[in-house]
Amino acid sequence: MESVRRFGLRISKTLAFLIGAKGGFIVGDMFRVQFGEDDVVLKMDLKDFGTDRLNMFAALAAIDSAAKDDRIRGLCATSTSHSMLSSADYEELRAAVNKFKTLSNKPTVFYTESLESLTMYHFATAFDKIAVQPLGDIATGMSRNFFFIGDLLKRWGVRFEKTQSGKHKSFLDTFTRNDMSSENREQQERILSSVYQELLTTISSAREISVKALQKVFALGPFNSVQASSLDLIDEACHAPDAYRSGFQDLFASGAKSLRTVSFTNYITPLLLTPTAERVAQIVKDKDGNELLESTSSVFPASLTPPEVATVRRVELVPVVTCHGEITSGKSLSKRTIGAETLCKILAKLESKPQVETIILRLDTPGGSGIASETIWRQIKELRSKGKKVIVSMGSVTASGGYYIASAANEIVASKTTITGSIGVFAMIPNIDKLLEKHGVSVEAVSRGGNLEKALKVDMMKVHRRVQIMNQLFQHRVAEGRALPRKLVEGLAGGRIWSGDDARALGLVDHLGGLEMAMMRAFKISDFKPDIIVFKEIPCVESPFFSGFEGYADTLGLSKIVQAWESLSYLFELRNKLEAISTAPQVEMKADLSGLESIVGHPY
């Protein structure tokens, strides 16, 4: 092991020398090499979200770090194409921008060619200046479209045998109906009204327009950017250079002809060899006495030492396990599925680490396999039985199987506009007899055992019984995990979805907020009571390293080498930095990393 360690460190030092960084992969050094040290604006491009280049954990850490980074003189955001962000995503980023302004007092500018949605406009109102291209538009309303292909499938000779628990479970309607059920319409309108009212209230405060006046204005929209400017919905209809020149006047006062920016991806990812982020944070208070989570240093491995080490006595490590996509059995082979085998493997590894007390599970999922959800639920309960604490942070959607998993946690945190709930189970079996008959395909069957006359009918009877059993277990899990009366849970179930705001009022959620709030809760519930916490992101995927280049690595036969390099170099770098913290007098290290092995390819 010692020889491997020396080998890993030699590679680390060699690579660091080649890139010009001193002692490791330092965000600051790479930043200076590429962009200079002063008068640079951090630029957020919304199109980067939803890709492997940028996720919420990294974005929040970058914004927080930039607030205290003297090289960063301001923050700007832009969108030149359709954004993949949901209303809950925008809500979380909006809070981060407001915090950036509170901590730094640095100018902020939002520029776009067109404000394509009301949720994007809601996000934009957090900035000091909103500018839209002269030919751009601004959306002033919200809508959701639902497609139904039941009649189309019937014409093709396809029908579905279905069973479900509750009339609000609407997923199957897409395939079996040609219109929206009254139950689904009622819940969708409630969700939309809840989100719309929240956006109205926040926009009204930011733009200093009364809610009643804003409603009247929105009812007349959408508007072009010139009209929106005259109505004070935005500040200026102009092109990007003009928006930045007026928004960042101090930077142009010295005679600069253009704005120098650094993208989020370049600011937070100086090397592809650093696929996951860390964030060192402590609780501070703003001028009004409100508690905030403040970064004490940059967000990546070689910058873990806080600037005032002498004041640090207790350090804790909190993993943030990020999970996105459909819940499935087996492994997560991409960042867009939640494989029960992969997630349970990660959680089981964390269970055996005495230096890990609290785990944040970031869930963004519409649900999926009930069996896989039960497997993950059991693993979380196992964690808790060993004294670990689990906080679930809900993303834009954490419903059905996602809520099943969340019900096992100590605490649940959701944004006001998160879609959650959907406590219920469904199943369907396609019947393609007429389609086969139409095309001259026949099917014969033989069977043994049981009283089988019509296979399809018996199958559906079995499926229906199974769905009812799973639904009862689902409700039991929720009632037990949330400490709610079973009768109350039955009333909240039936597949009905709720906004995060409603879920909080109903007892399905503990706290309103995003990932930031979940991190705050990690401080609050920690028995260790640390001065600072190192938050470490672990994506729920088998092989995150070089995710965009895995095919090339496989072709060259380098996959194993690449994964081994990541685990070794990253582990030693992180351990060395934490050991540096431990040299301060009387520092108690909850985050001692001695002897930790790789967790499913994730250096830890």
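The values are calculated or read from the model by the stated rules, or taken from the named source; none is laboratory data. Note that this is a predicted model, so its numbers are computed, not measured. Positions of Cβ are backbone-derived with ideal geometry, glycine not excepted, and every protein chain shown enters the neighbour counts. SASA here: full protein model, heavy atoms, side chains in, ligands and nucleic acids out. Shrake-Rupley method; radii C 1.70, N 1.55, O 1.52, S 1.80 Å.
Scan (1) touching a strand residue (DSSP E or B) at 6+ places or on another chain (Cβ under 6 Å); (2) open to solvent by less than 70 Å² (accessible area, probe 1.4 Å); (3) of a type in the set (Val, Ile, Thr) for the single condition residue 226 breaks and write down its number.
Condition (2) is where residue 226 drops out.
Somewhere in segment 441-464, is a residue within 21 Å of residue 174 (Cβ to Cβ) and crowded, with 24+ Cβ neighbours inside 10 Å?
Residues of segment 441-464 within 21 Å of residue 174 (Cβ to Cβ): 460, 463-464.
When the remaining residues are screened for being crowded, with 24+ Cβ neighbours inside 10 Å, the result is none.
Within segment 441-464 (the criterion being within 21 Å of residue 174 (Cβ to Cβ) and crowded, with 24+ Cβ neighbours inside 10 Å), the answer is no, since none of the residues qualifies.
Would you point out the residue of segment 304-323, among those that are among the β-branched types (Val, Ile, Thr) and open to solvent by 30 Å² or more (accessible area, probe 1.4 Å), that is modelled with the lowest pLDDT? Walk me through it before giving the result.
Within segment 304-323, the first condition is being among the β-branched types (Val, Ile, Thr), and the residues that meet it are 305, 309, 311-312, 315, 318, 320-322.
Now narrow it down to the ones that are open to solvent by 30 Å² or more (accessible area, probe 1.4 Å): 305, 309, 311.
Working: 305: 41, 309: 45, 311: 55.
Among residues in segment 304-323 that are among the β-branched types (Val, Ile, Thr) and open to solvent by 30 Å² or more (accessible area, probe 1.4 Å), the one modelled with the lowest pLDDT is 305.
Scan segment 494-503 residue by residue and report those that are in contact with a Lys or Arg (Cβ under 8 Å, 6 or more places away or on another chain) and part of a helix (DSSP H, G or I).
The answer is 500, 501, 502.
Looking only at residues in segment 61-74 that are at pLDDT 85 or above and of a type in the set (A, V, I, L, M), which one is surrounded by the most Cβ atoms within 10 Å (Cβ to Cβ)?
Here the residue is 66.
Restricting attention to segment 445-468, does a residue exist that is within 23 Å of residue 379 (Cα to Cα) and either of a type in the set (Ser, Thr, Tyr) or at pLDDT 85 or above (or both)?
Of all residues in segment 445-468, those within 23 Å of residue 379 (Cα to Cα) come to 466-467.
Now narrow it down to the ones that are either of a type in the set (Ser, Thr, Tyr) or at pLDDT 85 or above (or both): 466-467.
Yes, there is a match, as at least one residue in segment 445-468 is within 23 Å of residue 379 (Cα to Cα) and either of a type in the set (Ser, Thr, Tyr) or at pLDDT 85 or above (or both).
Output yes when any residue across segment 89-100 is under 18 Å from residue 261 (Cα atoms) and at pLDDT 90 or above, and no when none is.
Step one: of segment 89-100, the residues under 18 Å from residue 261 (Cα atoms) are 97, 100.
Imposing the further condition that a residue be at pLDDT 90 or above reduces the set to 97, 100.
Among the residues of segment 89-100, at least one is under 18 Å from residue 261 (Cα atoms) and at pLDDT 90 or above, which makes the answer yes.
Yes or no: segment 32-50 includes at least one residue that is modelled with pLDDT under 80 and of a type in the set (Val, Ile, Thr).
The answer is yes; a qualifying residue exists.
Can you tell me which residue among 88, 77, 95 is crowded, with 21+ Cβ neighbours inside 10 Å and assigned to a helix (DSSP H, G or I)?
Values: 77 fails: assigned to a helix (DSSP H, G or I); 95 fails: crowded, with 21+ Cβ neighbours inside 10 Å.
The conditions single out 88.
Collect the residues in segment 484-526 that are among the β-branched types (Val, Ile, Thr), open to solvent by 20 Å² or more (accessible area, probe 1.4 Å) and either touching a Gly at 6+ places or on another chain (Cβ under 9 Å) or closer than 21 Å to residue 164 by Cβ (or both), keeping them in residue-number order. Explain how you work it out, then say what you get.
Quick first cut of segment 484-526, residues among the β-branched types (Val, Ile, Thr) only: 489, 497, 509, 525.
Next cut, open to solvent by 20 Å² or more (accessible area, probe 1.4 Å) only: 497, 525.
The answer is 497, and nothing else.
Is it the case that segment 141-153 has a residue that's crowded, with 18+ Cβ neighbours inside 10 Å and either on the phi > 0 side of the Ramachandran plot or assigned to a loop (DSSP other than H, G, I, E, B) (or both)?
No: segment 141-153 contains no residue that is crowded, with 18+ Cβ neighbours inside 10 Å and either on the phi > 0 side of the Ramachandran plot or assigned to a loop (DSSP other than H, G, I, E, B) (or both).
Just name the residue that is farthest from residue 526 (Cα to Cα) out of those in segment 334-355 that are out of contact with any strand residue (DSSP E or B) (no Cβ under 7 Å at 6 or more places or on another chain) and open to solvent by 30 Å² or more (accessible area, probe 1.4 Å).
Of everything passing the filter in segment 334-355, 334 is farthest from residue 526 (Cα to Cα).
Go through segment 269-294 and report how many residues are buried (at least 21 other Cβ atoms within 10 Å of the Cβ) and either at pLDDT 70 or above or within 23 Å of residue 128 (Cα to Cα) (or both).
Matching residues across segment 269-294 total 4.
Hey, can you tell me all the residues within segment 361-415 that are open to solvent by 10 Å² or more (accessible area, probe 1.4 Å) and among the polar types (S, T, N, Q)?
369, 375, 379, 385, 396, 400, 410
Filter segment 155-185 down to residues that are surrounded by fewer than 14 Cβ atoms within 10 Å (Cβ to Cβ) and among the charged types (D, E, K, R) and give me whichever is nearest to residue 118 (Cα to Cα).
185
Return yes or no: is residue 129 touching a helix residue (DSSP H, G or I) at 6+ places or on another chain (Cβ under 7 Å), modelled with pLDDT of 95 or more and open to solvent by 20 Å² or more (accessible area, probe 1.4 Å)?
Numbers: touching a helix residue (DSSP H, G or I) at 6+ places or on another chain (Cβ under 7 Å): yes; modelled with pLDDT of 95 or more: yes; open to solvent by 20 Å² or more (accessible area, probe 1.4 Å): yes.
Against the criterion (touching a helix residue (DSSP H, G or I) at 6+ places or on another chain (Cβ under 7 Å), modelled with pLDDT of 95 or more and open to solvent by 20 Å² or more (accessible area, probe 1.4 Å)), residue 129 qualifies.
Please work out if residue 144 is among the charged types (D, E, K, R) and closer than 19 Å to residue 219 by Cβ. Can you show your working first?
Details: among the charged types (D, E, K, R): yes; closer than 19 Å to residue 219 by Cβ: yes.
When the stated conditions are applied, residue 144 passes them.
Within segment 328-348, is there a residue that is part of a loop (DSSP other than H, G, I, E, B), farther than 27 Å from residue 264 by Cβ, at pLDDT below 95 and not small (Gly, Ala, Ser)?
Going through segment 328-348, the residues part of a loop (DSSP other than H, G, I, E, B) turn out to be 329-336.
Next, from what is left, pick out any that are farther than 27 Å from residue 264 by Cβ: 329-331.
Filter again for at pLDDT below 95, leaving 329-331.
This time we only want the ones that are not small (Gly, Ala, Ser), so: 331.
Yes, segment 328-348 has at least one match.
If you check every pair at least six apart or on different chains, which have Cβ atoms under 7 Å apart with a residue in segment 512-541 that is touching a residue at least 12 places away in the same chain (Cβ under 8 Å) and aromatic (Phe, Trp, Tyr) first and a residue that is surrounded by fewer than 21 Cβ atoms within 10 Å (Cβ to Cβ) and assigned to a strand (DSSP E or B) second?
Pairs found: 523/283; 528/314.
When only residues in segment 98-126 that are more than 23 Å from the chain's Cα centre (by Cα) and open to solvent by 40 Å² or more (accessible area, probe 1.4 Å) count, which is farthest from residue 70 (Cα to Cα)?
Narrowing segment 98-126 to residues more than 23 Å from the chain's Cα centre (by Cα): 102-109, 111-114.
Narrowing the set further to residues that are open to solvent by 40 Å² or more (accessible area, probe 1.4 Å) leaves 102-103, 105, 107, 113-114.
Working: 102: 15, 103: 12, 105: 12, 107: 13, 113: 30, 114: 32 Å.
The extreme case among them is 114.
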